[in-house]
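What follows is a set of notes on a single structure, which appears directly below.
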Amino acid sequence: MAYSYDDQNIFAKILRGEIPNDTVLETEHSLAFRDIRPQAPTHVLVIPKGAYVCYDDFALNASDAEILDYTRAIGKVCEMEGVAANGFRLISNAGEEGVQEVPHLHVHILAGRSLGRMLERG
Ligand code: AMP
C-alpha cells in the first residue's frame, strides 16, 4: 500500500531539531534515542532519517544504503546497550490495529527485565 507521510509527527520534529531527544547513536541515515516513557530499563527507539511511515513502507521503498544503515544502526545500539547478554525484544508497531502512536517508522529495543510473553489477548 502507498503511505502518506505526516511531516508534523513528533519524530519528524525530532529529526528537524525542533524538539530535543536523548540521542544514543546517529548515523548517516538513522537516529537512535531513548524513549521518553521507558517500558523497560533499556528502551531505545531507532528511526530512519527518511520519511517512512512504518516497516513495510521502509522495507519496500527505502534505498539499499538506507536499509543497510538502519539495520546496522539497530545492531550497533544492541551492542552499545549490551542487550544480548540477557535477551531483548525488538518491536515495530504499524497502523491502527498495530497501535502505532507515532507515524514515522521506529523499532523499539527493549531489555533489562523479563518482558513476558509477546502478546496478551485483548
Ligand atoms: P508506538 O506506539 O510504537 O508508535 O511508540 C511510540 C513511542 O514513542 C512511545 O513508546 C512513546 O513513549 C515514544 N515517544 C513519544 N514522544 C517521544 C519523544 N518526544 N521522545 C522520545 N520518545 C517519544
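In the stretch 35-53, of all residues being touching a residue at least 40 places away in the same chain (Cβ under 8 Å) and more than 10 Å from the ligand (Cβ to nearest atom), the one that is farthest from ALA94 (Cα to Cα) corresponds to PRO41.
Looking only at residues in the stretch 13-30 that are more than 11 Å from the ligand (Cβ to nearest atom) and closer than 17 Å to PRO103 by Cβ, the one that is farthest from the chain's Cα centre (by Cα) is ARG16. Within the stretch 69-119, the set of residues being over 22 Å from LEU31 (Cβ atoms) and touching a Gly at 6+ places or on another chain (Cβ under 9 Å) comprises ASN86, SER114, LEU115.
Residues of the stretch 63-80 that are in contact with a Phe, Trp or Tyr (Cβ under 8 Å, 6 or more places away or on another chain) and closer than 12 Å to LEU45 by Cα: TYR70, CYS78.
Every number in this text was worked out from the coordinates using simple rules, so none of it is lab data. Worth saying up front: this structure is predicted, and the values here are computed from it rather than measured. No Cβ is skipped: glycine too gets one built from the backbone with ideal geometry, and neighbour counts run over all protein chains shown.
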